[in-house]
Amino acid sequence: LVFACYLWSADSLSWLGIDGGLGLVSKVGVAFSVAVMGGIGINTAHEMGHKKTELERWLAKITLAQTFYGHFYIEHNRGHHVRVATPEDPASSRFGESFWTFLPRSVWGSLTSSWGLEKTRMQRLGKSTWSIHNDVLNAWLMSVVLFGALIAIFGPVVIPFLIIQAVYGFSLLETVNYLEHYGLMRQKTSSGRYERCAPAHSWNSDHIVTN
């Protein structure tokens with residue numbers, strides 16, 4: 001990420017055999033390449049966020065800082081896992097829904113859901129929603145510090161790069177979300193609650209290669 005900011009902002013890359021700085025196409029290529037790493041990083045953060053160890057859980061939030069998607073740490077574990085394959089889950093795509101309809105619904109829905117979950121937790125602990133202990137806020141703060149440092153070092157010229165790599169990075173995650181539960185919905189039982197989540201509610205392929 002840091003090296004890409006250097007490549008994007010450098011006026012001279014003669015040591016790479018390039019006269020002047022990168023051209024527009026090359027800059028976009030660098031942004032999308034780093035964005036792919038950010039998207040894969042969200043997968044890693046997803047796994048670490050499930051761990052019990054405090055260090056690994058913090059590392060999950062640090063990994064999410066690149067894509068400014070720290071709220072995923074909250075929403076995925078405490079929102080998505082509870083409401084998966086139901087109309088209440090923004091990250092579960094509906095039958096017949098296009099990806100481009102799903103994307104803004106999932107992004108905005110996940111953000112508002114994570115904030116609501118943390119607001120409730122803070123109230124339960126008797127703390128302000130705007131406390132640094134709010135895991136959505138402290139995860140976003142990591143992104144603000146990271147982006148702020150990169151802009152301070154390389155200049156405002158890297159702002160478009162940071163936006164492109166973040167948006168494309170979290171869009172890769174949302175592509176996975178779109179496929180994962182597409183058109184699969186849990187039914188309600190006679191008690192009015194949703195049935196337990198089962199293998200039938202995910203498009204998973206439980207084999208050695210896919211795992």
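The rows are residues; the columns are (1) surrounded by 13 or more Cβ atoms within 10 Å (Cβ to Cβ); (2) among the polar types (S, T, N, Q).
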| position | (1), (2) |
| --- | --- |
| Trp115 | yes, no |
| Glu118 | yes, no |
| Leu125 | no, no |
| Leu137 | yes, no |
| Gln165 | yes, yes |
Exercise for the section: Would you please name the residue that is surrounded by the fewest Cβ atoms within 10 Å (Cβ to Cβ), looking only at residues in the stretch 78-108 that are in a helix (DSSP H, G or I) and in contact with a helix residue (DSSP H, G or I) (Cβ under 7 Å, 6 or more places away or on another chain)? Expected result: Phe99
Practice task
Take the stretch 1-15 and flag every residue that is exposed (fewer than 10 other Cβ atoms within 10 Å of the Cβ) and assigned to a helix (DSSP H, G or I).
Solution key: Phe3, Ser14, Trp15
Problem - Residues located in the stretch 53-74, provided they are within 9 Å of the chain's Cα centre (by Cα) and either at pLDDT below 90 or open to solvent by 40 Å² or more (accessible area, probe 1.4 Å) (or both) - result: Phe68, Tyr73
Fill in the blank from the handout: Residue pairs qualifying under the 9 Å Cβ cut-off, at least six apart or on distinct chains, with the first in the stretch 109-133 being farther than 24 Å from Pro87 by Cβ and assigned to a helix (DSSP H, G or I) and the second being open to solvent by less than 40 Å² (accessible area, probe 1.4 Å) and of a type in the set (Gly, Ala, Ser), are Met122/Ser131
Practice task
Go over the candidates Val176, Val209 one by one and state the one that is loosely packed, with under 15 Cβ neighbours inside 10 Å and under 22 Å from the mean Cα position of the chain (by Cα).
Solution key: Val176
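The values are calculated or read from the model by the stated rules, or taken from the named source; none is laboratory data. What you see is a predicted model, and the numbers here were worked out from it, not measured in a lab. Note that we place each Cβ from the backbone using ideal geometry, even for glycine, and neighbour counts take in every protein chain shown. The accessibility values were calculated without ligands, DNA or RNA, using every heavy atom of the protein model including side chains. Shrake-Rupley method; radii C 1.70, N 1.55, O 1.52, S 1.80 Å.
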